[in-house]
1. What list of ³J(HN,Hα) values in whole Hz, one per residue of segment 18-29 in order, does the Karplus curve 6.51 cos²θ - 1.76 cosθ + 1.60 (θ = phi - 60°) give from phi, with Gly and Pro shown as x?
2. Which option, (1) 5.1; (2) 4.7; (3) 4.4, is the value of mean projected area of the Cα convex hull in nm² that was calculated from these coordinates?
3. Would you mind telling me the share, in percent, of accessible area of the chain contributed by carbon and sulfur at probe 1.4 angstrom?
4. Residues of the chain: accessible area per residue at 1.4 Å, in Å²?
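The values are calculated or read from the model by the stated rules, or taken from the named source; none is laboratory data. The structure displayed is predicted, hence computed values, not measured ones. For accessibility, only protein heavy atoms count, side chains too; no ligands or nucleic acids. Shrake-Rupley method; radii C 1.70, N 1.55, O 1.52, S 1.80 Å.
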Amino acid sequence: MQVVAEVHAGDSGVLRVRFASGWRLDVPVDLSGPGWTVGLGGRCFLSSAAGGGVRISAPGRA
């Protein structure tokens, strides 16, 4: 198990996760479809858009 120290979803669609141990996970933009999705407490979801960008899905948000 790893403890997450920091998560950054850039405007470009790149996802970076830094763990307390010093390890990093970098997820690049996928040109053909969503490359990643992160759920925030089951109420809001962030995902990368095909070709770049970040989408936010939340109740009551179009």
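1. Values, residue by residue: 10, 9, 4, 6, x, 5, 10, 10, 10, 10, x, 5 Hz.
2. (2)
3. Summing carbon and sulfur atoms, their accessible area is 56 percent of the total for the chain.
4. For the chain, the per-residue accessible area is 72 Å².
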